[in-house]
Structures are given as C-alpha cells and as structure tokens.
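The values are calculated or read from the model by the stated rules, or taken from the named source; none is laboratory data. As the structure is a computational prediction, the values presented were derived from the model and not from experiment. Please note: Cβ atoms are built from the backbone with ideal geometry, for glycine as well, and neighbour counts cover all protein chains shown. For accessibility, only protein heavy atoms count, side chains too; no ligands or nucleic acids. Shrake-Rupley method; radii C 1.70, N 1.55, O 1.52, S 1.80 Å.
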Amino acid sequence: AFATENEFDAAYYNVPNQLQLKGVVFHESRCGSTLAANTMMAMNPMKHRVYSESSPPIAAIKACGELYENCSVEAGANLLRDIIYMMGRSNDPNEENLFFKFQSITTRNMDTFRKAFPETPWMYLYREPVEVMMSQLNVPQMRMANCVRSHSHSEMVSRFVARSGYR
C-alpha cells in the first residue's frame, strides 16, 4: 500500500513530481485575465505550468450545479482536488508550480474551489462594469453577446430574469 498518490505515481508511472498549486485567477470576462495568466507563465516558463480556462476543472466546479442541487460543496471540492491532482502530475523535472485561470462562469461556485484549496492564493479580476458591457455588446447581434448567452443555460440567471421582469 502507498501512503500518498505521489508514492503510487513514482512506483508505477515514473512521475517524479507533483506540481504545487500556487495560485488561481477568477475573473469577470473582458478584464485582462489572459494577461494575468500569461504573466504567471512568463515569470518562469521552465518551472511554471499555467492552464487557462481548461475544461476539466471548470466541469468539476460546475458539477454540483449552481445552487448545489446535484451534490454537496464537499463532493464538488473532492472532484476538483482530484482533477487538479491529475493535471498537476509531471515527468518534467524542471516544472515545479501550477497555476490556473478559470472561466468567468466559475465565479458562481468559487466556494467549491475555496473548500478544496483553502490555503491556495487566488485573485478575482474585474474592471469598470460599463467598459465590460460595452466590450460584451460589441457583436453583430445582441443574442451573440457572452453576457446574455447564459440566460438560456443557467437556471440561476433564468430565475433572476423571471423575478426581476427583464424579459
């Protein structure tokens, strides 16, 4: 039996190290978060691995539902820890640190991340709301704007719209 996943990896998969999760970026869209992710990589490209809006952790964060109707925050946190563990395995001896930039949709369930990684530093990036909306609405057709697409997919947004009379 192995005491840790790292011991198992070293014995069976020749994975010499598990990258340390050093930081996470949450954000609203159109605020410069891609620049933040690129900066994390540029600090030390040989030692840093950065995932920018990668699908597996986003799926894990959203798995329990916006209001945790499918499972508990703890279950979502366990799933997220497993996903981050798998994505942080490395057979490159130079890599040491792991960073993520999550999609803006994940801010609804930041508590899943905070439960999974209570000691990991994170930041939330935003910018002047009017500038964000102007950027979002700079599309050929209003229904194509990122800020309105979730209306048809998000139970939480749909309920808000129905209650507030924004139809």
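Summary of values
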| item | result |
| --- | --- |
| Those lysines that a straight Cα-Cα span of less than 20 Å connects to Lys47, excepting residues fewer than 8 apart in one chain | Lys22, Lys101 |
| Heavy-atom accessible area per residue - segment 85-142, 1.4 Å, Å² | 61 Å² |
| Loop-resident sites, segment 39-87, for GluC sites (Glu not before Pro), counting at most 14 other Cβ within 10 Å (DSSP) | Glu69 |
| Carbon and sulfur %, accessible surface of segment 1-135 computed with the full protein complex present, 1.4 Å | 54 percent |
| Theoretical gain in end-to-end length, Ser54 to Tyr85 [0.36 nm per residue, Cα-Cα removed] | 9.8 nm |
| Sequence-distant residues sharing a close amide H with Lys101 (under 5 Å, placed H) | Val25, Tyr51, Ser52, Glu53, Ser54 |
